[in-house]
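Single-structure report; data block below.
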Amino acid sequence: MALIELSAIERRFLLGDTTVNALAGLNLHIDSGEYVAVMGPSGSGKSTLLNLLGLLDRPNAGTYRLEGRDVTTLSPDEQATVRSTRIGFVFQSFHLVPRLTAAENIALPMMLAGIAPAERQRRVARALSDFGLDNRADHKPDQLSGGQRQRVAIARATIMQPALILADEPTGNLDRHTGEDVVNLLEALNGQGVTLIVVTHDPSLGARAGRQLVMEDGRLKSDSASA
Amino acid sequence: MRLTDTLRFARDAALGTPLRTALSVLAMSIGVAAVVILTALGDGARRYVVGQFSSIGTNLVIVLPGRSGTGGFNPANAITSTPRDLTIDDAASLRRLPTVRRVAPLAVGNSEIAYGGKLREAMVAGSTAEFIPIRNFVLAQGQALPEEDWNRGSSVVIIGAKIRDEIFGAESALGKLVRIGDRRLRVIGVLKPTGQGLGMNTDELVIVPVSLAQAMFNSNTLFRILVEANSREAIPGAKAQALDTLKQRHRGEEDVTVITQDAILATFDRLLGALTLGVAGIAAISLAVAGILVMNVMLVAVTQRTGEIGLLKALGASGRSIRLAFLAEAAMLSAVGALVGYLLGQLGAFGLRQAFPVFPAYPPDWAVIAGLSTALATGLLFGVMPARRAASLDPVQALMKH
Ligand SMILES: Nc1ncnc2c1ncn2[C@@H]1O[C@H](COP(=O)(O)OP(=O)(O)OP(=O)(O)O)[C@@H](O)[C@H]1O
Ligand SMILES: [Mg+2]
């Protein structure tokens, strides 16, 4: 079943007098449970695509169907609900809230969704042990290593049991070894049926995905699925 | 987002920047403390003055000779000769009025009092038995002037506390004969010391029967007639009846002025009440300033936490959740500031009362309520703008600022 259907997506930015076509005439079809790597040179529109898929950004033209529903016409709050329940983000720079502990950071999406504290605690405890963070629960982000921080971020991205995980260069700030751990974690999640889309500059990492998209100037230059 | 979570999140966010939070709490608390202390001062002044005036007597109606200027130009008065003086019989005639409880004529002058070679100046009040209860004076020893014919006073005197001390020292004063002017009078009472107040200082006063005082000063007029009405409600009736009676006695001429203590009190009450309101208003300006400061603190917080706001949006926070979180933070800053300021203000008022025990420096309830609610309202009001700004941030842009 198609999780994501993009048709004729345009995303333009105005930079002074010139318009930048960050995404131009983009058509894309991603099935549920796929593992997709998005690659391409800097400025080719990878992050723009991911923001769009994550409903953080809106296209200037075209339609985006998520799980069969047109989400481009939703109100900001409806989009927030979709983000809350269906999408998990993993960022290159982790984006943890510095004053909150690891456990509180993981619980943040559930708190925003208004889930009861008892249920939150239960799920956080499980996530902590799943991601090997048991004895780091009360640590603040600045007391964690880069790998641990990204594991907290992944735990947070999965805590609402989303259908889709979007990761923008998740290993960009990590050394090779810890990066490998993080990718293994993400792939394990994909193994459980979560659709995984990873932006990466690392060809070997991209090669591990089931499908490779290469972008250039806002267009799909190649798609391993249609090759 | 649940309310308790919103509050906890806002609290943690505020505590995350302790210095900034402390400063805005301080500003708010200074504003509230200013309202509390300044109104305590203003209302204290009002209570002090009103209290002093009340101590002059209760339900007093005072008759003065001569017409006050407020009556307007009266041609009838213009042709007649100088106004008739008030006499002891005028005073006596007021005793029959149904609305009147007590009447005391009052003649005053200065003389000297001598005993056993000691001599000093004294203010002489000539009056009758009811002078002391009307004026709320208290006797330390002895008794009041005798009930007798007002025109034939006995040769007795009641002396003030300071005069007693200076003339008699350790000796007992009661029953002794003193010389006042050219008369020898027996001391029958000593007044309790009163100290300085708005009313008359009785410590250097001697009280003699009114006819004696008139003879001493060689006049048959009165300085005042003090009338005590039956009750507060009876004051206007007593005033009208007194005026009427005296007008009849003075052949239809209205040549006296009758004032009521009530009217004077009300004037002072109004005046000082307005003053309190004025200082409260001035203090409230500092509250508005504090509100603006809270707004700035919150705007800085929004700017500093832009990345965090972007993250919250990415994690599925609705605009409403973000607005409420920032609004709650602003409300907490001003609520805590208001509370601290209230305590500081009460402490300051307490300090004032300790330093000046005669001065009842209590902040009025209305000022406390108005101060606290203004603080909360400005805090919330000025928190709305930063909260809206936070909620309307573009998530992609916000996420890039990390
Ligand atoms: N907010 C914006 N305003 C103006 N131009 C933008 C904005 N966001 C992206 N762009 C432009 O759109 C194009 C695509 O940007 P995008 O961030 O998607 O590239 P990318 O493929 O993620 O690059 P990188 O590999 O460096 O992260 C670039 O030319 C960029 O300058
Ligand atoms: Mg990018």
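The angle between the Cα long axis of helix A:146-158 and the longest principal axis of the Cα atoms of chain A comes to about 80 degrees, rounded to the nearest 10. Between region A:6-35 and region B:18-49, the C-alpha centres lie 59 angstrom from each other.
Helix B:3-16: angle to the longest alpha-carbon principal axis of chain B, degrees 0 to 90, nearest 10? Helix B:3-16 and the main axis of chain B meet at about 90 degrees. Sorting B:Phe356, A:Phe131 by solvent-accessible area of protein heavy atoms yields B:Phe356, A:Phe131, largest first, with a 1.4 Å probe.
The angle separating the long axis of helix B:261-304 from the principal Cα axis of greatest extent in chain B is about 10 degrees. As a length-normalised measure over Cα pairs under 8 Å and 6 or more apart, the relative contact order of region B:84-254 settles at 33 percent. Note: relative contact order over chain B, using C-alpha pairs below 8 Å and six or more positions apart, is 30 percent. Given in Å, the Rg to one decimal and the Dmax to the nearest whole number for the Cα atoms of region A:91-227 are 15.9, 49. Build a GNM of chain A with springs between Cα atoms under 10 Å apart, and of A:Met215, A:Met39, A:Met111 the one that fluctuates most is A:Met111. For region B:345-400 versus region A:191-219, the inter-centroid distance based on Cα atoms is 54 Å. Spatial offset of region B:135-188 relative to region B:234-263 amounts to 32 Å, using the alpha carbon center of each. May I ask for the longest run of chain B untouched by GluC sites (Glu not before Pro) that are loop-located per DSSP and have at most 12 neighbouring C-beta atoms (other than their own) within 10 Å? That would be B:234-402. Here is the interface size for B with A: some 2200 Å² of accessible area buried, both sides summed, with a 1.4 Å probe. Neighbours of B:Thr202 by Cβ distance under 10 Å: Lys/Arg scored +1, Asp/Glu scored -1, total +1.
Atom-type composition of the exposed protein surface of the protein assembly as shown places 56 percent of the accessible area on carbon and sulfur (1.4 angstrom probe). Using a cut-off of 10 Å between beta-carbons, work out the net charge of the residues near B:Ala229 (Lys and Arg +1, Asp and Glu -1, B:Ala229 not included). Residues near B:Ala229 contribute +1 overall. Take each residue in B:305-315, count the other chain C-beta atoms within 10 Å of its C-beta, and the mean is 6. In chain A, Cα pairs under 8 Å separated by at least six residues give a relative contact order of 30 percent.
Shielding by partners for peptide A:109-117, expressed as the average number of C-beta atoms from other protein chains within 10 Å of each residue's C-beta, is 6.
The values are calculated or read from the model by the stated rules, or taken from the named source; none is laboratory data. Keep in mind that this is a model prediction, so the values were computed, not measured. Here the Cβ is made from the backbone with ideal geometry for all residues, glycine too, and neighbour counts use every protein chain on show. What goes into the accessible areas is simple: the full protein's heavy atoms, side chains included, and nothing from ligands, DNA or RNA. Shrake-Rupley method; radii C 1.70, N 1.55, O 1.52, S 1.80 Å.
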